[in-house]
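Right, one structure below, let's go through it.
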Amino acid sequence: MSDIKPFKIKISDEELEDLNKRLIATRWPEKETVKDWSQGVPLSYIKEICNYWINEYDWRSREEYYNTFTQFITDVDGIDIHFIHIKSPYKEAKPLMISHGWPGSIVEFHKIINPLIDPVSHGGKAEDAFHLVCPTLPGYGFSGKPSQPGTGVEKIAELWDLLMNKIGYNEYFAQGGDWGSAITIAIGKQNRGSCKGIHVNMPFAPPTKEAIENPNDRDKLAFEGLNYYQEWGSGYSKQQSTRPQTLGYGLVDSPIGQASWIIEKFYEWTDCEGHPENVLTKEELLDNVMFYWLTKSAISSARLYWESFGSFGGNPEEKLILPTGCSIFPKEISRTPRSWAEQVYSNIVYWNELDKGGHFAAFEQPEAFINEIRNCFKAICNNL
C-alpha cells in the first residue's frame, strides 16, 4: 500500500502554450466533397472545434474539475497505473471497477461517479452504493506506457485484479465497455477468485449456427451492425492494429489531427441523431481529447489494437461462469443478441436492451447507465 501515491493532474504552462501555437498554425486541407460525415469529420466542424479550443476552452478549469475526483498512481507489475478511487460513505457499498476503452478515458465517467458512490443524494438508496475504482488503461492518459510487447487484454485483466487486491478489495465487481468490456470479460474468464460478477455494455460473441442458417429479426439486426462496421467503420482499427507507430507520428504532432481521429467516433458511435453535440458538449469532447493530447498517448493507446484486436472478446470456446449482466444500447457498434451471448456467458443473470444510447453509454446516457449498474449488480448479488 505504501507505494500507492496520491495523484493530481498538473499540466505545465509551456505545454498549454505549445498546444495553442499548434492550433493557430494548423495547416488546413480542402473541404470534403460530400455534405455529411461520410468522408470523416467535416472541415467546417473541425474548424469550429479549433476556434472553440483556442478562444473559449479553459483547460485550467477542467483540470481543477477532474482533480475533484480522488486519484492515485501505483506500480502494478512494473507498470504505473493511474486510477480514480473514491470510497462510498455507506457501509453497504460494494467495490466496483469500471474500465474505459478507445477512444475514451476516465472522462467518460465524470457524470456517473458521484451518483454511484452516494446514491442517496442522487435518487437512490444506500444499498445501491459502490466504492468506485476507475483505472486508466496502460498506455492511455496518465498511466505508464509499456516499453515491451505483451500488454494486451489478458495481461491488463491480470493487472486489474492485482490492482484491486493491492487497494484492499479481496472481493469486487467489474464493469466495462469497448476495450473495458474485453478486459472485464477476461477478468471473468480468468476467475482468480476475487471478482464476483461482471457487467458489460458491449458483450461480444459469435453468431449461433441457427442465426447463420435461419436468422430471425434480432439476428439480422446484429449482422447489419457487423457488416456496416466491417465495410465502413473499421478503417481506424485496421491501421491501429497493424501500424500504430506510423499513424501516431501525425496524431502526436497535430492537435487537430488527434481531435479529428477521436471526435469522429463520437459522431459514429453515439446515439446523437446526426451531431455529437446533441449528446455531448464541445467541452466534454475536448476534455477527452486532452487526455490523449497532453499525455502524448496516441501511439501507446493504439498499440492495444496491435496487441489484442484479433482476439477481441477472447476464445469463444472458453466459457465465462461468473454471474454476468449485459446492457445493450441501440447505437452500439454491434448489438449482440442474447442467444449468441449465451454460447459464451453461461451464467447471465441480467440482460436489458435499451431504447436510447450508444457506445459511450456512461458518457451519453448517465442516468440510464447508472440504473443499469444498480439493477445488474442487485441481480448478481441475489444470485451469489
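Computed from the coordinates by the stated procedures, all read-outs in this text should not be read as laboratory data. All values reported here derive from a predicted model rather than from experimental measurement. All Cβ positions, even for glycine, are placed from backbone atoms using ideal geometry, and neighbour counts span all protein chains on display.
Just the residues that are closer than 18 Å to Pro316 by Cβ and either of a type in the set (Phe, Trp, Tyr) or surrounded by fewer than 16 Cβ atoms within 10 Å (Cβ to Cβ) (or both), please, taken from region 187-207.
Asn191, Phe204, Pro206
Please work out if Leu96 is without any contact (Cβ under 8 Å) to a residue 24 or more places away in the chain and aliphatic (A, V, I, L, M).
Here the answer is no, as Leu96 does not meet what is asked.
Can Val252 be described as in contact (Cβ under 8 Å) with a residue 24 or more places away in the chain, closer than 18 Å to Arg335 by Cα, buried (at least 17 other Cβ atoms within 10 Å of the Cβ) and β-branched (Val, Ile, Thr)?
no
Does region 211-222 hold any residues that are of a type outside the set (Val, Ile, Thr) and more than 23 Å from the chain's Cα centre (by Cα), and which are they?
Answer for region 211-222, where residues must be of a type outside the set (Val, Ile, Thr) and more than 23 Å from the chain's Cα centre (by Cα): Ala211, Glu213, Asn214, Pro215, Asn216, Asp217, Arg218, Asp219, Lys220, Leu221.
Specify the residue that is surrounded by the most Cβ atoms within 10 Å (Cβ to Cβ); the eligible residues are those in region 99-129 that are over 8 Å from the mean Cα position of the chain (by Cα) and acidic (Asp, Glu).
Asp128
When you check Thr151 against the structure, is it buried (at least 23 other Cβ atoms within 10 Å of the Cβ), part of a helix (DSSP H, G or I) and among the β-branched types (Val, Ile, Thr), yes or no?
no
Quick check on region 64-98: of everything there that is among the acidic types (Asp, Glu) and in a strand (DSSP E or B), which residue is farthest from the chain's Cα centre (by Cα)?
Among those that are among the acidic types (Asp, Glu) and in a strand (DSSP E or B), it is Asp75.
Residues are listed down the side, and each one gets a yes or a no for (1) within 22 Å of Gly180 (Cα to Cα); (2) in contact (Cβ under 8 Å) with a residue 40 or more places away in the chain; (3) in contact with a helix residue (DSSP H, G or I) (Cβ under 8 Å, 6 or more places away or on another chain):
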position	(1), (2), (3)
Glu63	no, yes, no
Phe69	yes, yes, yes
Pro103	yes, yes, yes
Asp118	no, no, no
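Of all residues being touching a residue at least 60 places away in the same chain (Cβ under 8 Å) and of a type in the set (Val, Ile, Thr) in region 177-209, which is nearest to Asn382 (Cα to Cα)? Just the residue, please.
Top of the filtered list is Ile198.
Restricting to region 337-384, count the residues that are surrounded by fewer than 17 Cβ atoms within 10 Å (Cβ to Cβ) and in contact with a Lys or Arg (Cβ under 6 Å, 6 or more places away or on another chain).
1
Yes or no: region 10-29 includes at least one residue that is farther than 28 Å from Asn67 by Cα and of a type in the set (Asp, Glu).
So far as region 10-29 goes, no, none of its residues is farther than 28 Å from Asn67 by Cα and of a type in the set (Asp, Glu).
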